[in-house]
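Below is one structure; the comments refer to it alone.
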Amino acid sequence: MAEQPLPERQSPLEPDYHPGSHGNFEHGVDVILSEMRPGTILQLAAWPGEEKQLIEIIGKVTGLALPDGAGGGVSSGARAGFGFAPGKFTVVDEAEGLAAAFAGAITPAIGTLTDLSHGRTAIRIAGPKAEWVMAKFFAIDFALPAFPLGAGRSTNHHDIFAQIQRSGPDQFDIYVFRSFARSFWKALCHASEEVGYEVQ
Amino acid sequence: MLITCPYCGPRDVIEFTYQGDGNRERPQPASQDLDAWNAYVYDRLNPAGDHNEIWQHSGGCRAHLRVVRNTITHEILSTAFARGGHKTESRS
Ligand SMILES: [Zn+2]
């Protein structure tokens with residue numbers, strides 16, 4: 001069967017996505033907010049005992065060398081991956097169609113793959129005040145020693161689930177439910193006002 | 001109150017859901033032993049002190065955990081994955 005091109009994806013943030021500088025930016029912009037719009041967001045889960053096998057498969061298919069440890073991950077260029085629960089991983093690619101590359105590699109005996117590309121929205125926050133703004137939402141430690149580069153975290157804000165990956169020393173990628181993305185985005189903009197923010 | 005998830009590390013209690021007394025022994029589904037079912041549904045130790053409990057890290061990694069909590073001080077004495085079925089030994 002020939003691959004049909006997917007219809008262009010609409011951003012759930014669109015009505016409230018206003019590129020430019022906002023808030024208290026007269027003295028400088030301290031965080032930059034953007035929607036990442038990756039083509040692929042996958043959730044991969046290993047059955048108990050198959051975790052190492054799955055990490056190996058992710059490495060073969062994506063080139064991402066995921067460290068074998070709670071919340072371990074890597075963020076490099078077009079692709080990123082991190083553990084978010086025991087035996088479970090999020091894998092992200094700028095391009096669409098990564099799920100097809102896993103076909104046949106993850107057998108039913110090893111685990112499962114769920115394509116969440118249309119179900120999650122990825123938001124990036126970067127800048128010297130990124131940790132400060134994130135700490136207003138999530139009750140976790142954002143300091144670099146506690147939350148190292150590439151690592152992933154599962155947590156929530158106001159009972160709404162979120163996954164966070166540290167993709168730079170002062171940069172975080174937040175994965176939220178698409179249906180809650182605009183609400184979260186608006187809250188993130190409000191929380192960024194005091195430090196001055198730019199939407200890219 | 002902080003609970004240290006074996007996967008996620010220390011997290012605020014708001015991320016967790018209490019799933020009940022961890023001392024209960026569920027009878028086999030086909031069991032006709034009414035006393036065993038009655039004990040499973042109703043009997044609780046209700047200790048003033050260390051208590052075996054089941055919690056889920058519902059606002060995080062979603063793993064089910066065995067937690068020993070002191071019911072007087074709310075001190076969390078130990079946490080472990082519930083998978084494997086081994087009861088966490090309380091200190092007392
Ligand atoms: Zn957890």
* What is the number of the single condition among (1) closer than 25 Å to A:R182 by Cα; (2) part of a strand (DSSP E or B); (3) over 17 Å from the mean Cα position of the chain (by Cα) that A:T112 does not meet? -> (1)
* Filter result for the condition that a residue is away from chain B (no Cβ under 14 Å), more than 28 Å from B:P10 (Cα to Cα) and either open to solvent by less than 50 Å² (accessible area, probe 1.4 Å) or free of Cβ contacts under 8 Å to residues at least 40 places away in the same chain (or both), over A:A109, A:A101, A:A105, A:A130 -> A:A105
* Go through segment A:133-167 residue by residue and tally those that are small (G, A, S) and without any contact (Cβ under 8 Å) to a residue 60 or more places away in the chain. => 5
* Quickly run through segment B:1-23 and pick out the residues that are within 12 Å of the ligand (Cβ to nearest atom), outside any strand (DSSP E or B) and closer than 11 Å to B:W55 by Cα. => B:E15, B:F16
* Structure fact -> B:W37: passes all of (1) more than 14 Å from chain A (Cβ to nearest Cβ); (2) out of contact with any Ser or Thr (no Cβ under 9 Å at 6 or more places or on another chain); (3) assigned to a helix (DSSP H, G or I) but (2)
* To do: Scan segment A:162-177 for residues that are surrounded by fewer than 18 Cβ atoms within 10 Å (Cβ to Cβ) and farther than 21 Å from A:L144 by Cβ and jot them down.
  => A:F177
* Here is a list of conditions, (1) more than 27 Å from A:Y17 (Cβ to Cβ); (2) out of contact with any Gly (no Cβ under 9 Å at 6 or more places or on another chain), and A:R120 meets all of them except one; can you say which number that is? -> (1)
* Which residues, taken from segment A:71-96, are touching a Lys or Arg at 6+ places or on another chain (Cβ under 7 Å) and either at positive phi or of a type in the set (K, R) (or both)? -> A:G71
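A quick yes/no check of all residues on (1) among the charged types (D, E, K, R); (2) within 20 Å of the chain's Cα centre (by Cα); (3) open to solvent by 80 Å² or more (accessible area, probe 1.4 Å):
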residue: A:S11; (1), (2), (3): no, yes, no
residue: A:H18; (1), (2), (3): no, no, yes
residue: A:S21; (1), (2), (3): no, no, no
residue: A:H27; (1), (2), (3): no, no, yes
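Is it true that some residue in segment B:32-39 is farther than 29 Å from A:A139 by Cα and acidic (D, E)?
Yes, some residue in segment B:32-39 is farther than 29 Å from A:A139 by Cα and acidic (D, E).
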* Matching residues, segment B:64-77, being open to solvent by 30 Å² or more (accessible area, probe 1.4 Å), out of contact with any Lys or Arg (no Cβ under 8 Å at 6 or more places or on another chain) and assigned to a strand (DSSP E or B) -> B:R69
* Just need a number here: residues in segment B:24-63 that are surrounded by fewer than 15 Cβ atoms within 10 Å (Cβ to Cβ) and within 16 Å of the ligand (Cβ to nearest atom). => 0
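The values are calculated or read from the model by the stated rules, or taken from the named source; none is laboratory data. Note that the coordinates shown come from a computational prediction; the quantities given were computed from them, not determined experimentally. So basically every Cβ, Gly included, is an ideal-geometry build from the backbone, and we count neighbours across all protein chains shown. Side chains are part of the model used for accessible areas, which takes the heavy atoms of the whole protein and leaves out ligands, DNA and RNA. Shrake-Rupley method; radii C 1.70, N 1.55, O 1.52, S 1.80 Å.
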